[in-house]
1. Based on Cα positions only, what radius of gyration and what Dmax would you give for the chain, in angstroms?
2. Using the Cα centre as the reference, give the magnitude of the dipole from point charges on the C-beta atoms of the stretch 254-336 (Lys, Arg: +1; Asp, Glu: -1; all else neutral), rounded to the nearest 20 debye.
3. Nearest 500 deg cm²/dmol is fine: what mean residue ellipticity at 222 nm does the chain get from its DSSP H runs of n ≥ 4 alone, each adding -39,500 (n - 2.57), divided by its residue count?
4. Would you be so kind as to identify which of Q295, N378, F409 lies farthest towards the positive end of the dipole of the stretch 291-439, taking Lys and Arg as +1 and Asp and Glu as -1 on Cβ and the Cα centre as origin?
5. Whole-Hz ³J(HN,Hα) for each residue in the stretch 7-12, computed from phi via Karplus 6.51 cos²θ - 1.76 cosθ + 1.60 with θ = phi - 60°, x for glycine and proline: what do you get?
6. Taking the Cα centroid of the stretch 30-61 and of the stretch 237-312, what is the distance between the two, rounded to the nearest whole Å?
7. Quick one: dipole size for the stretch 29-178, taken about the Cα centre, charges +1 on Lys/Arg Cβ and -1 on Asp/Glu Cβ, in debye to the nearest 20.
8. Using θ = phi - 60° and the Karplus curve 6.51 cos²θ - 1.76 cosθ + 1.60, what whole-Hz ³J(HN,Hα) does each residue of the stretch 226-236 get, with Gly and Pro shown as x?
Amino acid sequence: MPDISRSAIANLEKAGLGGILYKPEQKSYEERIASYWSLTAQLKPWAIIQPRNTKEVSKALQTLVNTTGCNFAIRSLWDSGGHMAWAGSNNIEAGITIDLGLMTTTTYNPETKIASIQPGSRWADVYTELEKHRAMVAGGREGLVGVGGLLTGGGKTFYTCRYGFACDQVINYEVVLADGSVVEANKETNPDLFLVLKGGSNNFGIVTRFDMTTFNASNIWDGNITFPKSATDRLVEAFVDFTKNLALNPDDHILAMWTILPRTKDHFITMVLTNLDGVENSKSLQKFLAIPGGQGNMTTTTVAKKLVDFLVPSGKHDTWFTLTFKLDARIIKKATEVFESLAEELKKQIPDGNFYISMVLQPLPTSFARHSVARGGNMFGIERLQDDCVLLVAAVEVETPEISSRVGFPTLKAAIAEIESYAKSLNGDIGFLYLNYCDGSQNPFSTYGEENIKKMKEAAAKYDPTGVFQTRVPGGFKISKVE
Ligand SMILES: Cc1cc2nc3c(=O)[nH]c(=O)nc-3n(C[C@H](O)[C@H](O)[C@H](O)COP(=O)(O)OP(=O)(O)OC[C@H]3O[C@@H](n4cnc5c(N)ncnc54)[C@H](O)[C@@H]3O)c2cc1C
């Protein structure tokens, strides 16, 4: 163990944090490492510190900052999470990981209708708590995905069609700054910090509480309809039509997921369809429901009940890449063709067929940005876009780190570049990369617009003048790396 690691551990113990410090030989350490969603993110830090409250976050942060040369990482989530998949985004090899997994409370104030949510919570638990009060919030769409990363990175939600992104619903942040001070950031107090936290990720401090506006919970009508590959053309047409009209029908939500199972070569498309008011066969979902060959399980449920069971399997070596392009059936069709070639290429390079690939397309119409602007705006800068767009995220999951770096990463990267180049050829590339879906080699902030980059750089310099979150927290996307 290097000297710095010994000093860091000794200093944390001296600060009275020994009881929440896990070292490599301890069972709790191994459990916390194993709890990362992706094997790719399961680095082995010198130790893990797991604060129980804001005061302990502050103490841990001050101690680490004062330990010369000690770098550290931040992760959220107590169980099966820390969902950012790329190595080093939420963990560290040579340093200490601050793990917010014990800070999991959601409190609802019926008078103000504000939900106060700690960063280590998972969305399924947030919704379960809120539904007890018949309240709901716009947050993540998978049960185990974490609050801290999703909200600081933005947050695409079931309700983005009505209210904008998850970060647009935050009215106040409690943040621990690099000097250990605890500040509130809202429209009146530290408004510059308030704004940059809406999508600016871990560049300014550690968020220890998010206060979010809620709305009345209602039943949803929801389920998956799975179609054979032969339905592609009609699905693409329906997707384009749905996205174009989403501003007029903001009660429906869709995710279009292409999956290929390499062993059987089964290629299918799953439409995850949701009506947010529980209306069966709602008007804008009917186009999908009418396509022949679909088999589904639509049912009336609630967001909390859906998410308790809606878990994307973990425990693989993952590569994720994202791309956004103009809503154009030709580009979507090209993406599906590239996706098929990707499956063929992977099959050649991984002959035992032990991999999984998926590509998810989501509407990103101009109305989403209008909802964000109406709530004060965020860092994405997508209000500049004149066209409805499509947000694509694709993933390759393999069994070993070696296959991931030799095959998974380069093939997926090349596939995304091919779709991007085709989009460019049709003037359909719009140069926006959504941080929460990015691979570590992508540079989302560089696509957020000059003005927002300036705001983030200024806020980082003001609230973290010694650059702790730029240099001592090397993981995640760094605003200082943007030219
Ligand atoms: C199965 C699955 C489903 C997903 N569903 C959605 C979805 O519906 N919508 C969507 O927008 N995205 C979704 N994502 C992407 C997801 O938003 C990102 O992976 C996000 O980073 C995960 O949040 P986390 O809390 O697990 O963060 P972590 O992986 O722990 O952290 C991510 C980043 O945020 C930083 N961070 C975490 N907590 C804090 C904090 N409190 N203060 C400051 N910085 C912090 C970390 O340092 C790190 O850089 C999904 C991902 C997966 C794997």
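The values are calculated or read from the model by the stated rules, or taken from the named source; none is laboratory data. These figures come from a predicted structure and were not determined experimentally. Quick reminder, even Gly has a Cβ in these numbers, built from the backbone with ideal geometry, and neighbours come from all protein chains shown. These accessible areas exclude ligands, DNA and RNA; they are computed on the full protein's heavy atoms, side chains included. Shrake-Rupley method; radii C 1.70, N 1.55, O 1.52, S 1.80 Å.
1. In Å, with Rg to one decimal and Dmax whole: 21.8, 67.
2. The calculation lands at about 340 debye.
3. -8500 deg cm²/dmol
4. Towards the positive end, the residue furthest out is N378.
5. Karplus values, whole Hz, x for Gly and Pro: 5, 4, 5, 4, 5, 5.
6. Cα centroid of the stretch 30-61 versus Cα centroid of the stretch 237-312: 36 Å apart.
7. Roughly 200 debye for the stretch 29-178.
8. Running phi through 6.51 cos²θ - 1.76 cosθ + 1.60 with θ = phi - 60° gives 9, 10, x, 4, 4, 7, 3, 4, 5, 5, 5 Hz.
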